[in-house]
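Beneath this line is the structure, given in structure tokens, with notes to follow.
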Amino acid sequence: YGRGEEMPRYTMQLILDKWVHPHVDTSKWEYYDLRAKSRDDTEDQVLRDVISAGARIKAIFKEPTITPTSDQVRRLGLKKAWGSPNGAMRRGWNGITISRDTIHIEGVELGYKNPVFFERHAVGGEYSAGYKIVGKGKLVTTFIPEGDFEEAITVDSRDIVDDLNAVVTYHNPYDNIPQLARIFFGRCLAARITPYVVTKKTVFKWQEPFWDTMKSVFDDEFKSKFVAEKIIAPGAELTHLLSDAATMKLVVWKDGGFGMAAHNYDGDVLTDELAQVHMSPGFITSNLVGVDEHGTLIKEFEASHGTVTDMDEARLRGEETSLNPLGMVEGLIGAMNHAAHVHGGAEHMLPYTAKLRAVIHKLFREGRGTRDLCGVKGLTTEQFIDAVAADLSK
């Protein structure tokens with residue numbers, strides 16, 4: 001359990017105290033303080049400890065954390081602007097995909113009528129880029145095969161004629177795309193929704209292997225199953241969408257009932273759009289899926305939103321707040337369920353998490369949810385947590 005900061009930290013502690021601890025034995029849970037100040041004080045040892053524990057336990061929940069700006073470095077008295085912990089987690093847990101799905105409450109209208117799934121490749125792309133700011137000159141990008149220093153390959157060579165240029169180098173690891181494909185198509189099949197693969201391969205030719213691999217896995221392992229379940233018609237092919245088209249489809253396909261898989265950066269941008277169409281990031285799940293050396297899946301769950309700084313500042317001024325914790329609680333439920341499947345105890349855990357979700361949804365349907373859905377008559381942060389706690393105890 002990775003503790004975060006600001007409004008989510010305050011809210012999740014209330015939830016642990018009132019929803020979880022009275023009903024669940026958490027004595028074997030491991031807690032880590034991922035606040036920016038804790039990372040600074042430990043020289044990021046706490047993050048390394050989280051990665052080690054996650055690889056061992058396989059089920060992780062992380063509250064939203066701060067990636068400090070230069071202003072926050074000064075205000076919090078930090079030694080440096082520590083980077084986002086997410087990249088280190090994705091590398092440390094052999095990240096395959098970040099699954100982001102819409103959350104639905106029966107009887108409550110949000111954005112999409114039916115589920116929308118998204119798989120975002122968890123590694124590679126712009127996020128791990130190296131760069132230099134340079135002037136005029138000659139730019140040569142060279143690849144040296146492992147163990148063969150005599151066979152240097154020129155990837156690209158060009159003349160730089162401007163006085164100011166950003167030179168950027170990155171790569172996309174594709175070895176785990178078959179795993180991503182099986183996770184994506186398996187989830188779409190189970191939910192009976194139509195899968196789409198998103199790239200910009202018409203312009204970015206290097207994205208072709210992503211599509212080729214996804215299509216190969218679909219054709220060899222899943223196509224007949226999708227046809228048998230009547231999700232796609234006999235003779236239909238896996239559909240490719242250009243990323244430009246995907247941005248438009250997310251807006252117009254309001255009925256939902258589809259899934260998309262994309263590269264790291266495209267997935268980041270498109271899932272932000274997905275969240276806005278579906279009301280807010282609070283109604284989108286976020287689940288990093290990695291794998292250990294034995295093939296066991298490592299799953300890290302968190303909310304798709306940040307630390308809600310403005311609301312936390314209002315709380316500290318003594319003002320009423322109304323934070324919808326649904327995204328965080330879905331993450332906690334996911335981590336608890338996965339832990340139960342990996343380590344045992346599912347027969348006790350799954351009924352509890354199902355009841356917790358049902359109680360939260362029931363209160364929203366009755367107009368006793370937070371104010372983002374229930375308007376000015378909705379409950380405050382604390383009132384909603386107390387209302388759920390009361391119903392859980394019945």
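Estimated from the Cβ-Cβ distance and a Förster radius of 41 angstrom, the FRET efficiency linking T26 and Q72 is about 0.85.
Taking θ as phi - 60° and the Karplus parameters 6.51, -1.76 and 1.60, the scalar couplings of the range 106-117 work out to 4, x, 10, 7, 10, x, 8, 6, 10, x, 10, 9 Hz in sequence order, x denoting glycine and proline. By the rule of a C-alpha distance below 29 Å, with chain neighbours fewer than 8 residues away ignored, the lysines paired with K377 are K18, K113, K254, K355, K362, K394. Counting only DSSP H runs of at least 4 residues, each contributing -39500 (n - 2.57), and dividing by the residue count of the chain, the helix-based mean residue ellipticity at 222 nm comes to -12500 deg cm²/dmol.
In terms of its Cα atoms, the range 15-171 spans 66, 45, 38 Å along the principal axes, sorted from long to short.
Can you give me the accessible area per residue for the range 223-349, using a 1.4 Å probe, in Å²?
43 Å²
Taking each residue as 0.36 nm, the span from D272 to A190 lengthens on full extension beyond its C-alpha to C-alpha distance by 27.1 nm. Mean-square fluctuations from a GNM of the chain, with a 10 angstrom spring cutoff on Cα atoms, peak among T102, T271, T199 at T199. Of the solvent-accessible surface of the range 1-62, computed with a 1.4 Å probe over protein heavy atoms with every protein chain present, carbon and sulfur atoms account for 48 percent. Normalised by the number of residues in the chain, the average gap of Cα pairs under 8 Å and 6 or more apart makes the relative contact order 21 percent. Could you tally the net charge around R187, taking each other residue with its Cβ under 9 Å from the Cβ of R187, Lys/Arg +1 and Asp/Glu -1? Value of the local net charge: -2.
Summarising the label geometry, the points placed 7 Å from Cα in the beta-carbon direction at V155 and Q13 lie 4.6 nm from one another.
For the range 269-394, which whole-number percentage of the solvent-accessible area (1.4 Å probe, protein heavy atoms only) is attributable to carbon and sulfur atoms?
For the range 269-394, the apolar C and S fraction of the accessible surface comes to 55 percent.
Farthest towards the positive end of the charge dipole of the range 120-193, among the residues N172, P145, I193, is the Cα of I193, using unit charges on the Cβ of Lys, Arg, Asp and Glu.
Straight Cα distances below 21 angstrom link K200 to the lysines K215, K249, with same-chain residues fewer than 8 positions distant left out. Since only M336, L316, M349 are under comparison, the one whose Cα sits farthest along the positive direction of the charge dipole of the range 294-386, derived from C-beta charges on Lys, Arg, Asp and Glu, is M349.
Please compute the net charge surrounding G135, taking Lys and Arg as +1 and Asp and Glu as -1 over other residues with Cβ under 15 Å from its Cβ.
Details: positive: K132, K136, K138, R158; negative: D159, D162, D163.
Combined, the nearby Lys, Arg, Asp and Glu give +1.
When the solvent-accessible area of the range 69-198 is split by element, carbon and sulfur atoms take up 51 percent of it, the probe being 1.4 Å. Rounded to the nearest 5, the antiparallel percentage of DSSP beta bridges internal to the chain is 55%.
Where in the range 248-287 does the amide nitrogen come within less than 18 Å of the point 7 Å from the Cα of D310, taken along Cα to Cβ? In the range 248-287, the label zone of D310 (backbone N under 18 Å from the point 7 Å along Cα→Cβ) covers 276-277, 279-283.
Most fluctuating residue of L274, L76, L288 in a GNM of the chain with Cα springs under 10 Å: which is it? Ranking L274, L76, L288 by mean-square fluctuation puts L76 first.
Comparing R48, R56, R357 in a Gaussian network model of the chain (Cα springs below 10 Å), the most mobile by mean-square fluctuation is R56. On a per residue basis, the range 1-157 carries 51 Å² of accessible surface, using protein heavy atoms and a 1.4 Å probe. Placing +1 on the Cβ of every Lys and Arg and -1 on the Cβ of every Asp and Glu, with no other charges, gives the chain a dipole of roughly 800 debye about its Cα centre.
The values are calculated or read from the model by the stated rules, or taken from the named source; none is laboratory data. Worth saying up front: this structure is predicted, and the values here are computed from it rather than measured. Here Cβ is always computed from backbone atoms with ideal geometry, including for glycine, and neighbour counts include all displayed protein chains. Heavy atoms of the whole protein, side chains included, go into the accessibility calculation; ligands, DNA and RNA do not. Shrake-Rupley method; radii C 1.70, N 1.55, O 1.52, S 1.80 Å.
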